[in-house]
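Structure record follows, encoded as structure tokens.
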Amino acid sequence: MGMGRNVRELIAKRAAREIKDGMIVNLGIGIPSLVPNYISSNMNVMFHAENGILGMGPTPYKGSEDENLCNAAGYPVTTIKGASFFDSSLAFGMIRKGKLDITILGSLQVSEMGDLANWIVPGKRVPGMGGAMELSQKAKKVIVVMNHTNRNGESKIVRTCSLPITTPQCVDMIITEMGVMKIDDNGIMLTEVMPSYSIEHIIECTEANLKISPHLKVVMSEREDVYD
């Protein structure tokens, strides 16, 4: 099933909390592209795009788009003070050199050991792997934002990926409409529960073995902060 705009925004808002002042961040298409909308204007964050931008700002209002400004997916963007433009080879040089603090990506599956599968469904036509392989290998922190289950109701957080892997053991955090999970060498741990969901329901919808944090937090509503 797809997710409504308010749920997408909730996930993006939660992902934005992982970004700290002074970071360089790369965003994938879809939900990740909403993240700049939830960054405080007091923070100095430079959003990077593989097509050659450093310093993307919030999504432009409808009717105010600049046809010459777009992200790597071709969607309109704005820029902030201090933004710069360059070619794609330099953009990837930044990635390969390990200059990105965080990359926020969508995914088709994530395994309990942090394997990322986000580029192809066998039998479907796709344009290629794109920059995800390099981003997921070289960024200092990899965050996946996605639906908890696919359109058939099957868990996208799995014991072992059945889809072709983009990069093994690279994902540090997963944020879905149901909860927030952190991944380390010991597997996946549920650390936060999103509004309207229970621990029991999340476990039921998750194929992977899911540990529960002793410091589990619950988001009481879409408008509230996180509470113990």
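The values are calculated or read from the model by the stated rules, or taken from the named source; none is laboratory data. What you see is a predicted model; the values in this text were computed from it and never measured. Backbone-built Cβ (ideal geometry, glycine too); neighbour counts: all protein chains shown. These accessible areas exclude ligands, DNA and RNA; they are computed on the full protein's heavy atoms, side chains included. Shrake-Rupley method; radii C 1.70, N 1.55, O 1.52, S 1.80 Å.
The figures follow:
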quantity: Solvent exposure ordering (accessible area, 1.4 Å, most first) of ASP87, ASP66; calculated: ASP87, ASP66
quantity: DSSP bridge orientation in the chain - percent antiparallel, rounded to nearest 5; calculated: 50
quantity: In Å², nearest 10: area of MET94 left accessible to a 1.4 Å probe; calculated: 40
quantity: Whichever lysines have a C-alpha closer than 26 Å to that of LYS140, once near sequence neighbours (fewer than 8 apart) are set aside; calculated: LYS13, LYS20, LYS81, LYS97, LYS99, LYS156, LYS182, LYS211, LYS217
quantity: Longest site-free stretch - the chain; sites: trypsin sites (Lys or Arg not before Pro), DSSP loop, at most 16 other Cβ within 10 Å; calculated: 160-222
quantity: Charge sum, other residues only, whose C-beta stays under 14 Å from LEU108's C-beta, Lys/Arg counted +1 and Asp/Glu -1; calculated: 0
quantity: Rounded if a/c under 1.5, otherwise prolate or oblate - the stretch 12-61, Cα gyration tensor axes; calculated: rounded
quantity: Of the GluC sites (Glu not before Pro) in the stretch 1-102, those whose Cβ has at most 12 other Cβ within 10 Å and which sit in DSSP loop; calculated: GLU67
quantity: Rounded percent of accessible protein surface that carbon and sulfur make up, the stretch 155-210, 1.4 Å probe; calculated: 45
quantity: Acute angle (nearest 10 degrees) that the helix 5-16 long axis makes with the longest principal axis of the chain, alpha-carbon atoms; calculated: 80
quantity: Positive minus negative residues near LEU163 (Lys, Arg vs Asp, Glu; Cβ under 14 Å); calculated: 0
quantity: Apportionment of accessible area to carbon and sulfur, the stretch 1-54, percent (1.4 Å); calculated: 52
quantity: Accessible surface, the chain, averaged per residue in Å² (probe 1.4 Å); calculated: 53
quantity: Summed residue charge, Cβ within 14 Å of MET56's Cβ, Lys/Arg positive, Asp/Glu negative; calculated: -2
quantity: Integer Hz, Karplus 6.51/-1.76/1.60 couplings in order for the stretch 143-154, x for Gly and Pro; calculated: 10, 9, 10, 6, 5, 6, 10, 7, 5, 9, x, 8
quantity: Mean projection area, nm², convex hull over Cα of the stretch 100-191; calculated: 5.8
quantity: Over the chain: Kirkwood hydrodynamic radius from C-alpha pairwise inverse distances, Å; calculated: 18.0
